[in-house]
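**Q** The structure is given below, and queries will be raised subsequently.
Bear in mind these aren't lab numbers, they're just calculated from the coordinates by the rules spelled out. Values in this document were obtained by computation on a predicted structure and should not be read as measured data. Here the Cβ positions follow ideal geometry from the backbone for every residue, glycine too, while neighbour counts run over all protein chains shown.
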Amino acid sequence: MTRKSDARERAIAAAVELFRIQGYAATGLTQILEESGAPKGSFYFHFPRGKTQLAEEAVDAYVAGRMAVFREISARTPGDPAGFVRRLVEGFAAEMVASDFRHGCLMQNLANELAALDTELTARIARGFADSTEIIAEHFRGCGFAPARAASAAAALVAALEGARTIARLERTPAIFQALAEVFPRGLTLCGDPSRRVGV
């Protein structure tokens, strides 16, 4: 049972890595099995619906990791929206550098390829974005933002982070994240009062 469980987890981890780097269509099951070292004979035991099921479970694993990171950063920056934003941006930038600018967002990659083809997987990805974005909104609410303001600021930040990741991959430099860390916190306001700016 241990070996079966390890094979399943290795396959999911390999799928997450490959989907982030090269997308869904360019990633074949043979490559996933080679990268993971998982036995070919056990694949359909763990994933009876094949690559589609593997993609679903890869999304779930990716979202769980993303949410854990967001929660950790939130716990380290209580009551500090600007510090929270800077740490998020720094985390995204560090990950991009560590991957040699190869890693995209798994959810973004799959959504771009499959949105018109797989409505169930698309809905799963949408939930992943919504659930992880809610952690950011929750942090902003804890900093005194009104609920609507917290939600809009969180959505804008996620959009900015994902856009920055795409630009960083193209330019192979974290410069866009540095710009985001400098500019975004300046636009944050507390309690809907535009005169109360959060400094950087």
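**Q** Across region 38-78, which residue is surrounded by the fewest Cβ atoms within 10 Å (Cβ to Cβ) among those that are of a type in the set (K, R) and more than 21 Å from Y24 (Cα to Cα)?
**A** The extreme case among them is R76.
**Q** Do you know which of the residues in region 79-88 that are more than 12 Å from the chain's Cα centre (by Cα) and either assigned to a helix (DSSP H, G or I) or on the phi > 0 side of the Ramachandran plot (or both) is surrounded by the most Cβ atoms within 10 Å (Cβ to Cβ)?
**A** V85
**Q** Find all pairs meeting these conditions: Cβ atoms under 7 angstrom apart; at least six residues apart or on different chains; first residue within region 169-184 and at negative phi; second residue loosely packed, with under 15 Cβ neighbours inside 10 Å and part of a loop (DSSP other than H, G, I, E, B).
**A** Listed pairs, sorted by first residue: E182/V200.
**Q** When the residues of region 19-51 are filtered to those that are of a type in the set (F, W, Y) and in a helix (DSSP H, G or I), which remaining residue is nearest to R102 (Cα to Cα)?
**A** Only one residue tops the list, namely F19.
**Q** Something else about it: Can you list residue pairs whose Cβ atoms sit under 6 Å apart, with the first residue in region 86-106 being more than 21 Å from G23 (Cα to Cα) and the second being aromatic (F, W, Y) and surrounded by 15 or more Cβ atoms within 10 Å (Cβ to Cβ)? Count only pairs 6 or more apart in sequence or on different chains.
**A** V89/F177
**Q** For A154, work out the one condition from (1) buried (at least 19 other Cβ atoms within 10 Å of the Cβ); (2) touching a residue at least 24 places away in the same chain (Cβ under 8 Å) it doesn't fulfil.
**A** (2)
**Q** Could you please let me know if M107 is surrounded by fewer than 19 Cβ atoms within 10 Å (Cβ to Cβ), among the hydrophobic types (A, V, I, L, M, F, W, C) and under 11 Å from the mean Cα position of the chain (by Cα)?
**A** Considered against the rule, which asks whether it is surrounded by fewer than 19 Cβ atoms within 10 Å (Cβ to Cβ), among the hydrophobic types (A, V, I, L, M, F, W, C) and under 11 Å from the mean Cα position of the chain (by Cα), M107 comes out as no.
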